[in-house]
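A short worksheet on the structure shown next.
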Amino acid sequence: VDDSGSMSQEQGNLAESFDAFIKKASEWESNFQVGVITTTVEFPEAGLLEGSPSFVSNANWEKFINNVLVGTNGSGHEQGLWAAKIALSSPLTDATETPCESDSDCGFFHVCANGLCGGKNRGFMREGAALELVFVSDEEDQSPESADEYLKFFKSLKGFDRPDLLHIHAIVGPAGGCDSNAGGAVAGHPYLELA
């Protein structure tokens with residue numbers, strides 16, 4: 001979710017729409033996990049799942065509304081594709097067998113959870129589950145690599161031979177941009193290309 005200064009109205013709309021999304025997911029009997037990251041890439045916070053809990057499921061979906069309201073104090077240099085790559089990469093996704101009692105037992109970039117050290121985003125991606133990426137922005141993506149490079153990375157997460165396990169969605173401005181009383185958006189070409 002874009003967390004730049006122009007996104008307040010869009011974040012509110014997204015939070016208000018989530019109830020309808022959840023109702024549809026329950027009709028499909030989906031076993032989902034939904035996490036939120038921002039388009040701001042500033043280390044060491046880049047790619048961290050927002051909120052507490054860091055991702056929601058069927059059991060606690062109502063907490064998503066707090067997670068998606070990421071604020072509008074983020075960078076105006078939106079890099080959603082790069083942020084997604086960071087969020088789904090080591091060290092944030094690491095799972096270890098190293099026992100711990102506190103974060104200080106785990107070293108740099110790892111935290112203690114349920115008695116084991118690991119990355120802050122571990123447990124979000126599940127073996128055999130589809131990965132649905134949804135980019136929400138009113139600006140063009142400014143990530144450093146080409147859209148094709150990000151697509152290769154995302155495909156590698158679920159297997160190049162399993163296209164059914166990866167879907168990319170873009171809630172962004174169309175070609176030529178748009179304006180309405182619900183907000184305006186410039187075209188989100190890289191997001192649209194991936195979707």
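The values are calculated or read from the model by the stated rules, or taken from the named source; none is laboratory data. Just so it is clear, the model here is predicted, and its values are computed rather than measured. Cβ: placed from backbone, ideal geometry, glycine included. Neighbour counts: every protein chain shown. Ligands, DNA and RNA are excluded from the accessible area calculation, which covers all protein heavy atoms including side chains. Shrake-Rupley method; radii C 1.70, N 1.55, O 1.52, S 1.80 Å.
So which residues in the range 1-23 are surrounded by 13 or more Cβ atoms within 10 Å (Cβ to Cβ) and either at positive phi or assigned to a loop (DSSP other than H, G, I, E, B) (or both)?
V1, D2, D3, S4, S6, M7 - these are the residues of the range 1-23 that are surrounded by 13 or more Cβ atoms within 10 Å (Cβ to Cβ) and either at positive phi or assigned to a loop (DSSP other than H, G, I, E, B) (or both).
Answer with yes or no whether S26 is open to solvent by 30 Å² or more (accessible area, probe 1.4 Å), among the polar types (S, T, N, Q) and either in contact with a Lys or Arg (Cβ under 8 Å, 6 or more places away or on another chain) or not in a loop (DSSP other than H, G, I, E, B) (or both). Explain how you work it out, then say what you get.
Working: open to solvent by 30 Å² or more (accessible area, probe 1.4 Å): yes; among the polar types (S, T, N, Q): yes; either in contact with a Lys or Arg (Cβ under 8 Å, 6 or more places away or on another chain) or not in a loop (DSSP other than H, G, I, E, B) (or both): yes.
Against the criterion (open to solvent by 30 Å² or more (accessible area, probe 1.4 Å), among the polar types (S, T, N, Q) and either in contact with a Lys or Arg (Cβ under 8 Å, 6 or more places away or on another chain) or not in a loop (DSSP other than H, G, I, E, B) (or both)), S26 qualifies.
Can you work out which of the residues in the range 109-158 that are outside any loop (DSSP other than H, G, I, E, B) and in contact with a Cys (Cβ under 9 Å, 6 or more places away or on another chain) is most open to solvent (accessible area, probe 1.4 Å)?
Restricting to residues being outside any loop (DSSP other than H, G, I, E, B) and in contact with a Cys (Cβ under 9 Å, 6 or more places away or on another chain), the top hit is L116.
Quick one: in the range 56-67, of everything that is surrounded by fewer than 20 Cβ atoms within 10 Å (Cβ to Cβ) and not charged (D, E, K, R), which residue is farthest from the chain's Cα centre (by Cα)?
So, considering only residues that are surrounded by fewer than 20 Cβ atoms within 10 Å (Cβ to Cβ) and not charged (D, E, K, R), the one farthest from the chain's Cα centre (by Cα) is A59.
Among the numbered conditions (1) more than 19 Å from T39 (Cα to Cα); (2) open to solvent by 20 Å² or more (accessible area, probe 1.4 Å); (3) in contact (Cβ under 8 Å) with a residue 24 or more places away in the chain; (4) touching a Leu at 6+ places or on another chain (Cβ under 8 Å), tell me where A182 comes up short.
Going through (1) more than 19 Å from T39 (Cα to Cα); (2) open to solvent by 20 Å² or more (accessible area, probe 1.4 Å); (3) in contact (Cβ under 8 Å) with a residue 24 or more places away in the chain; (4) touching a Leu at 6+ places or on another chain (Cβ under 8 Å) one by one, A182 breaks only (4).
Taking the range 159-180, which residues are in a helix (DSSP H, G or I) and over 14 Å from L88 (Cβ atoms)?
Within the range 159-180, P163, D164 qualify.
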